[in-house]
Amino acid sequence: MLGPGADCHARWAPYAPAPTTVPGARVLDARRPEVRRHVVDVCTRLVRDHGLDGLKLDFLDEAALYAGDGRGDVGRAMAALLAAVRTSLERVRPEGLLLELRQPCTGPGTAAFGNLLRSFDCPADAAAGRVRTLDTALLAVGGAVHSDMLLWSAQARVETVARQLIGALHAVPQPSVGLDRMPEAHRATVASGCTDGTATATCCSTPRWSPVAPASCTRWCAPLRGTAARSACTATWSSRSTRPPIAGWSWSTGPPGRC
């Protein structure tokens, strides 16, 4: 996108006729060879001059504003742009490049150009995070699936923290709460969840996904104090046992229902 306050706005405005949803900004038309060269040059300069390990390429879906205008295939142009960006950046970082794409631009048409695939924005929403990381994994053709930001209040119960980690079980979790500001019980839960996640990455983060509900599933069960229910169950899609994220939780395997 091209912002109204950019130093290069006057030069590139003719190549960005369509306005975007961001106030004042316009979308550069990737079908123009000049635009592709410019984007590649900017990305390469950022990584090279600032010693970055990689970049996050976001708002790629804005290019669809030009689809169907009879002036060329937007999809082919974006594929050419992303391929050129990755090739150029890999020359700068031959030892390893990090290139993040964000859902919905993580499907088979674009995922091959990135190696970090982040689920769409759902901070602090464990249920949405679980759905979106699974959706991302189902369409991924390579790379690591990352969750959106995991957030919770400092006054939250430890079960709330664990629920956030469970929502990101099938992805790389991204806690966005300062470790130095967490209560000790929260830090212990995060440490346990992230440590166990490393050991279970093979079966949970990169499995052979099938987009159907399993006949049986593995669930975490935790006692609920002060309620009539004896326990709360959170279904996962893991076919192998992994340790529960916090002390006092236990495994229950079987069809959905009561623990």
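Assorted remarks:
- R45 falls short on exactly one of the conditions (1) touching a strand residue (DSSP E or B) at 6+ places or on another chain (Cβ under 8 Å); (2) in a helix (DSSP H, G or I); (3) charged (D, E, K, R), and that condition is (1).
- Test: residue in the range 85-96 that is over 14 Å from the mean Cα position of the chain (by Cα), part of a helix (DSSP H, G or I) and within 20 Å of A16 (Cα to Cα): yes
- Test: residue in the range 103-126 that is within 12 Å of the chain's Cα centre (by Cα), at pLDDT 90 or above, more than 16 Å from D61 (Cα to Cα) and in a strand (DSSP E or B): no
- Enumeration of residues in the range 5-21 that are in contact (Cβ under 8 Å) with a residue 24 or more places away in the chain and hydrophobic (A, V, I, L, M, F, W, C): W12, A18
- Considering the range 14-41, the residues that are in a helix (DSSP H, G or I) and either at pLDDT below 95 or not hydrophobic (A, V, I, L, M, F, W, C) (or both) include one that is farthest from D73 (Cα to Cα), namely D41.
- Annotation note: of A162, A156, A171, A185, the sole residue that is modelled with pLDDT of 90 or more and crowded, with 21+ Cβ neighbours inside 10 Å is A162.
- Answer residue from the range 42-80, given it is out of contact with any Leu (no Cβ under 9 Å at 6 or more places or on another chain) and aliphatic (A, V, I, L, M) and is surrounded by the fewest Cβ atoms within 10 Å (Cβ to Cβ) among those: A67
The values are calculated or read from the model by the stated rules, or taken from the named source; none is laboratory data. Just so you know, these numbers come straight off a predicted model, no measurement behind them. Glycine gets a Cβ as well: all are built from the backbone with ideal geometry, and neighbour counts include every protein chain shown.
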